[in-house]
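Everything on this sheet refers to the single structure shown next.
The values are calculated or read from the model by the stated rules, or taken from the named source; none is laboratory data. Keep in mind that this is a model prediction, so the values were computed, not measured. Here the Cβ positions follow ideal geometry from the backbone for every residue, glycine too, while neighbour counts run over all protein chains shown.
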Amino acid sequence: MGIEFSRQFALRYVGAGARASATVAAHGIRATIADRLRKNRWLSPQARRATTEKIDQTDLKIGYPDEWPDVATFTLTESFLANVVAARGAQRKKSGEQMRAPRRRSSWEMVVSPNGAAGPAAARLMIPGGYPDAFSNSIIITAAYLFPPLFDASAPPEVHYGAFGSVFGHELVHVLEQHEFDRTGQPGELWTAADITKRDELVGVSWAKPMLRASTARRRSTRTLLISAALNCLRGDGRQLGSRVDERGSDGITAAQRFFYSYAHGWCGKQLPDAERDTIEHDGHAPRRFRVNGPLANSPEFAAAFRCAPTAKMVRPAAERCSLW
Ligand SMILES: [Zn+2]
């Protein structure tokens, strides 16, 4: 039933327009990140080549599939219990068949558990989310993610690059950091021991020892790349906005500024200190305010967009800036 529910939601409420504009943004960001990787200076040549190849071949599954997974055939009756038993039996049979079949990289059926209820991703497209999948070298962005207020295809491009673009870039960085899997999702180390040491050195703090405050902010802010990659997709020759990115609109705000507002808005929220500590210790992601203030203070593009003085609180001195990808 989940797959059918996903299909009705995705086709009726999200539609091809939102999917198409998110797909354009996703491909643009992937190309920019691959380009950065090609120019990376600290990875060994073999790691650089293998990781770039992997990113070039990451399967981008945006919104909903072209070909919907098979829904099992079973008869629905007026008995809720009988329906549950029939649905579970059909699912069990399907899982058994999948176990014996070769893995398909294009499948949307990896098991995910948004909000606690585990099931195939294709049956969870009405819940907003993004999932990187190491075993198939792919990323799924669910249909519900492409739905207002998270995504609005009719908003100016800087708004959806700031929010959707940076989330998509984040998922892509998960894929490139999963160096234990190759471009088809098979286990295979792409990095040398020296690459791994170098990465840890650059991050400047061990993942095994999460510490509150400064170290955490620094550790988590290494994902600055996605922001500047997303912004790069907008500016520059032949890009979506070119030099117009710095022009002021009638509201007195430049497109570059609107991009950063949109990024920060995506993380808007309030967390109590206990919840922040819990996020640091168990989540693997930074608490909300660090996800905004950390990377943006590392970003020269942010300082330029708002003409921050070098001494401003949101400008980290160049020597302390963290930039990994
Ligand atoms: Zn993540």
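Observations
- Condition check for SER323: in a helix (DSSP H, G or I) and either among the charged types (D, E, K, R) or under 23 Å from the mean Cα position of the chain (by Cα) (or both): no
- Pairs with Cβ under 6 Å, 6+ apart, first in region 112-138 and closer than 16 Å to TYR13 by Cα and without any contact (Cβ under 8 Å) to a residue 60 or more places away in the chain, second of a type in the set (A, V, I, L, M) and within 16 Å of the ligand (Cβ to nearest atom): PRO128/LEU150
- Selection within region 245-281: residues that are within 19 Å of LEU150 (Cα to Cα) and surrounded by fewer than 13 Cβ atoms within 10 Å (Cβ to Cβ). The member of this set that is nearest to the ligand (Cβ to nearest atom) is GLY269.
- Of all the criteria given as (1) more than 16 Å from the ligand (Cβ to nearest atom); (2) touching a Phe, Trp or Tyr at 6+ places or on another chain (Cβ under 6 Å); (3) of a type in the set (Val, Ile, Thr), the one not satisfied by THR77 is (2).
- Condition met for ARG103 (of a type in the set (D, E, K, R), touching a Phe, Trp or Tyr at 6+ places or on another chain (Cβ under 9 Å) and surrounded by fewer than 16 Cβ atoms within 10 Å (Cβ to Cβ)): yes
- Only residues that are more than 16 Å from the ligand (Cβ to nearest atom) and either farther than 24 Å from GLU177 by Cα or surrounded by fewer than 21 Cβ atoms within 10 Å (Cβ to Cβ) (or both) were counted across region 282-320, and they come to 23.
- Per the conditions (1) farther than 27 Å from ILE3 by Cα; (2) modelled with pLDDT of 90 or more; (3) away from the ligand (no atom under 16 Å from the Cβ), the sole criterion not satisfied by GLN178 is (3).
- All helices (runs of 4 or more DSSP H) inside region 181-273 with 3 or more residues being modelled with pLDDT under 90: 193-203, 214-220, 224-232
- Qualifying residue in region 133-140 (condition: touching a helix residue (DSSP H, G or I) at 6+ places or on another chain (Cβ under 8 Å), among the aliphatic types (A, V, I, L, M) and assigned to a loop (DSSP other than H, G, I, E, B)): yes
- Annotation note: Cβ proximity below 8 Å between a residue of region 1-22 that is in a helix (DSSP H, G or I) and a residue that is of a type in the set (Asp, Glu) and surrounded by 18 or more Cβ atoms within 10 Å (Cβ to Cβ) (sequence gap 6+ or interchain) occurs for no pair.
- The condition of being more than 16 Å from the ligand (Cβ to nearest atom), at pLDDT below 90 and of a type outside the set (Asp, Glu) holds for PRO156.
- Selection count where residues are more than 16 Å from the ligand (Cβ to nearest atom) and either exposed (fewer than 14 other Cβ atoms within 10 Å of the Cβ) or among the β-branched types (Val, Ile, Thr) (or both), scope region 181-207: 15
Yes or no, residue by residue, for (1) modelled with pLDDT of 90 or more; (2) more than 16 Å from the ligand (Cβ to nearest atom); (3) over 25 Å from THR51 (Cα atoms):
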{"residue": "ARG105", "(1), (2), (3)": "no, yes, no"}
{"residue": "ILE139", "(1), (2), (3)": "yes, no, no"}
{"residue": "ALA143", "(1), (2), (3)": "yes, yes, yes"}
{"residue": "PRO149", "(1), (2), (3)": "no, yes, yes"}
{"residue": "ASP152", "(1), (2), (3)": "no, yes, yes"}
{"residue": "HIS160", "(1), (2), (3)": "no, yes, yes"}
{"residue": "VAL167", "(1), (2), (3)": "no, no, no"}
